[in-house]
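Every number here is computed from the coordinates shown, using simple stated rules; none is lab data. It should be emphasised that the depicted structure is a prediction, and the values quoted were computed from it without experimental measurement. Using ideal geometry, Cβ is built from the backbone for each residue, glycine included, and neighbour counts are taken over all protein chains shown.
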Amino acid sequence: MSTEPCGICEATVPYSDTVHVTIHTKSDAGVVDGYVCRSCYEAHLQEYFED
Ligand SMILES: [Zn+2]
């Protein structure tokens, strides 16, 4: 089973429990992306993307 390191808490989580985050910075950094675990997504990111 493949795993990914969470970009926030650095836990190694199963791929199926990750959330793929892509951010278009509109700056020299361009597009940055990575994976976070679902609990970090719900704790830190979800609120920003809800309607
Ligand atoms: Zn995490």
Exercise for review: Output yes when any residue across the stretch 37-47 is within 14 Å of the ligand (Cβ to nearest atom) and touching an Asp or Glu at 6+ places or on another chain (Cβ under 8 Å), and no when none is.
Suggested key: yes
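Give the stretch 1-15 a look and list any residue that's in a loop (DSSP other than H, G, I, E, B) and among the β-branched types (V, I, T), or say none.
Start the filter on the stretch 1-15 by keeping residues that are in a loop (DSSP other than H, G, I, E, B), which leaves 1-2, 6-11.
The one that is in a loop (DSSP other than H, G, I, E, B) and among the β-branched types (V, I, T): I8.
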Check your understanding: Within the stretch 13-24, how many residues turn out to be more than 11 Å from the chain's Cα centre (by Cα), more than 8 Å from the ligand (Cβ to nearest atom) and surrounded by 11 or more Cβ atoms within 10 Å (Cβ to Cβ)?
Key -> 2
Practice item. Hey, can you tell me all the residues within the stretch 16-48 that are touching a residue at least 24 places away in the same chain (Cβ under 8 Å) and part of a strand (DSSP E or B)? Key: V19, V21, G34, Y35, V36, C37
Review point. Across the stretch 25-51, what is the total count of residues that are among the charged types (D, E, K, R) and surrounded by fewer than 10 Cβ atoms within 10 Å (Cβ to Cβ)?
Key: 5
Revision key, fill the gap. Checked the stretch 1-23 for anything closer than 18 Å to Q46 by Cα and of a type in the set (S, T, Y); matches are S16, T18, T22
